[in-house]
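S.K.: One structure coming up, written as structure tokens, with questions to follow.
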Amino acid sequence: MSVNGREYMHEFRTAATKPAWLAGRTPPDPSGYHGRPPRGLPRGRFRAHDQHLLLKTYVATPQDRERNWLLVDAEGQTLGRLATQIADALRGKRKPTYTPHVDTGDFVVVVNAEKISVTGAKRHEKLYHRHSGYPGGLKTRTLNDMLERRPEEVIRLAVRGMLPKNRLARKQLTKLKVYAGPEHPHEAQKPQPMEIHT
């Protein structure tokens with residue numbers, strides 16, 4: 001008898017090496033057994049009887065996904081710690097329906113970006129680089145300069161660095177709406193406050 005590529009030659013076993021139920025006892029019914037198969041019972045037969053117990057992994061689709069709007073007040077929040085939680089919300093990692101290749105994340109509205117907090121001397125030591133593409137076209141600004149000129153870009157760049165580098169992540173980043181002050185134009189979407197773990 002061949003099961004799963006292995007030969008089970010019960011008739012050539014001695015009585016000392018046979019399982020107890022093979023030495024004259026009636027074998028158990030595998031259809032009523034839901035744990036590990038008894039010793040000596042071929043696993044192929046057990047799996048065939050228990051196929052109705054298998055559950056398929058849930059995979060979200062663009063049709064049945066649910067995307068909400070979340071509101072985050074960045075006043076007094078640490079930049080890096082806040083960015084990690086925003087990135088998880090954009091990807092949908094907090095949901096039990098998370099699917100890596102489907103955008104199941106929520107929209108995130110961030111207000112008071114200009115009042116973000118950092119630790120240490122990062123305001124003057126953290127640098128942002130960009131290049132025009134021409135020789136000698138490297139431009140550098142400190143975090144303090146960025147917060148004065150474009151505070152929204154500080155949070156957007158921090159979140160972008162915590163997302164995967166692929167097309168899906170670039171699409172998910174478009175759901176992030178950052179505003180320097182306390183006002184935002186998304187009242188119609190009724191964003192709910194997002195729980196921030198500090």
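The values are calculated or read from the model by the stated rules, or taken from the named source; none is laboratory data. Keep in mind that this is a model prediction, so the values were computed, not measured. Cβ: placed from backbone, ideal geometry, glycine included. Neighbour counts: every protein chain shown.
S.K.: Determine which single condition D64 fails, assuming it passes every other condition in (1) modelled with pLDDT under 95; (2) of a type in the set (D, E, K, R); (3) surrounded by 13 or more Cβ atoms within 10 Å (Cβ to Cβ).
M.R.: Only one criterion in (1) modelled with pLDDT under 95; (2) of a type in the set (D, E, K, R); (3) surrounded by 13 or more Cβ atoms within 10 Å (Cβ to Cβ) is unmet by D64, namely (3).
S.K.: What are the residue pairs meeting all of these: first residue in segment 137-149, first residue over 18 Å from G181 (Cα atoms) and assigned by TED's automatic domain parsing to the domain that holds I116, second residue of a type in the set (G, A, S) and part of a strand (DSSP E or B), Cβ atoms under 6 Å, and 6 or more apart or on different chains?
M.R.: Cβ pairs passing all conditions: none.
S.K.: Of all residues in segment 160-198 being charged (D, E, K, R), assigned to a loop (DSSP other than H, G, I, E, B) and more than 22 Å from the chain's Cα centre (by Cα), which is nearest to R81 (Cα to Cα)?
M.R.: Checked segment 160-198; the qualifying residue nearest to R81 (Cα to Cα) is E183.
S.K.: Looking at R130, R123, R81 in this structure, which one is assigned to a helix (DSSP H, G or I), surrounded by fewer than 16 Cβ atoms within 10 Å (Cβ to Cβ) and in contact with a strand residue (DSSP E or B) (Cβ under 9 Å, 6 or more places away or on another chain)?
M.R.: Details: R130 fails: assigned to a helix (DSSP H, G or I); R81 fails: in contact with a strand residue (DSSP E or B) (Cβ under 9 Å, 6 or more places away or on another chain).
Selected residue: R123, the only one of R130, R123, R81 that is assigned to a helix (DSSP H, G or I), surrounded by fewer than 16 Cβ atoms within 10 Å (Cβ to Cβ) and in contact with a strand residue (DSSP E or B) (Cβ under 9 Å, 6 or more places away or on another chain).
S.K.: Sticking with this one: Only one of (1) of a type outside the set (V, I, T); (2) surrounded by 19 or more Cβ atoms within 10 Å (Cβ to Cβ); (3) closer than 24 Å to A60 by Cβ is not met by P96, so which one is it?
M.R.: Result: P96 fails condition (2) only.
S.K.: Quick one: would you say A83 is closer than 16 Å to R170 by Cβ and modelled with pLDDT of 95 or more?
M.R.: no
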